[in-house]
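The values are calculated or read from the model by the stated rules, or taken from the named source; none is laboratory data. Quantities reported herein were computed from a predicted structural model and do not represent experimental measurements. Reconstructed Cβ throughout: ideal geometry from the backbone, glycine too, with neighbour counts over all protein chains shown. These accessible areas exclude ligands, DNA and RNA; they are computed on the full protein's heavy atoms, side chains included. Shrake-Rupley method; radii C 1.70, N 1.55, O 1.52, S 1.80 Å.
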Amino acid sequence: MNQTIAIVDASVGETPAERNLVRSLDAETTVYKVSDGHLPSVPVGGDWRYDGVVISGSQTSVYDDLGWIHDLTSWVRAVHRADVPTLGICWGHQFLAQSLGGRVVNMGAHELGYRTVNRRGEDPLFADMSASFTAFQTHSDRVAELPAGAVELARNEYGIQAFRLGTRYGVQFHPEYDRETAEWVIENKDLTDERRAAVTATVTDGAVAAAREATAVFENFRELVATHQRRPSRFE
């Protein structure tokens, strides 16, 4: 049976986030533009309509004092209590960590372009993926402390790149980005000419091809969703 997944689009304005995630998830999806105030219902009981949740990136910081971020915090904590498999990407990764008890800080730098990510140990989210792989990055905040009980799954020189808490997962990189999106992001960043040239130089045919391995995260997450047995009695 095909999974039903709620896509929580935290990007602001017109962005490729919805297109990329709908394309990447081979599932029945409904998109909620949370920055415009749209969210799914709170999961209660075992009959919630969605089998899983994916939270996108955003141009904001997770610690910004915005009403929709506060609303999403309450909602994602309910999703966690209801034991719904969740995947947070970039901002979504940081948001899950902060909402569930971790800490996010400004790095004082911007990781941007195709970079290497190094796995730490084994996890079904990274099944059949290399110990080190390539993925596109665009962030200036990082997860400084994980929530209690969370397991670090990947890292690079900028810090934590993936974690798991139950079936709540965060990945700092963007497995959904294609070349068009990578170029769009770089073009829309406020960069010096020198920095823009250096980052653009990472967008090579080889890097774009290598980054396709990271898309396995979506297939692996769908498998986790398909096989997960929710335990709402533990949380409700």
If you go through S56, S61, the only one that is under 19 Å from Q94 (Cα atoms) and touching a helix residue (DSSP H, G or I) at 6+ places or on another chain (Cβ under 6 Å) is S56
In the stretch 103-113, what residues are in contact with a strand residue (DSSP E or B) (Cβ under 6 Å, 6 or more places away or on another chain) and either surrounded by 22 or more Cβ atoms within 10 Å (Cβ to Cβ) or among the hydrophobic types (A, V, I, L, M, F, W, C) (or both)?
-> V104, V105, M107, L112
Do we have any residue at all in the stretch 138-146 that's open to solvent by 60 Å² or more (accessible area, probe 1.4 Å) and under 26 Å from G102 (Cβ atoms)?
-> yes
In the stretch 112-137, how many are in contact (Cβ under 8 Å) with a residue 60 or more places away in the chain and not hydrophobic (A, V, I, L, M, F, W, C)?
-> 7
Only one residue in T60, T30, T73 is touching a Lys or Arg at 6+ places or on another chain (Cβ under 9 Å) and either under 25 Å from H110 (Cα atoms) or not in a loop (DSSP other than H, G, I, E, B) (or both), so which one is that?
-> T30
Boolean, G149 is of a type outside the set (V, I, T), in a strand (DSSP E or B), open to solvent by 20 Å² or more (accessible area, probe 1.4 Å) and over 24 Å from A210 (Cβ atoms) = no
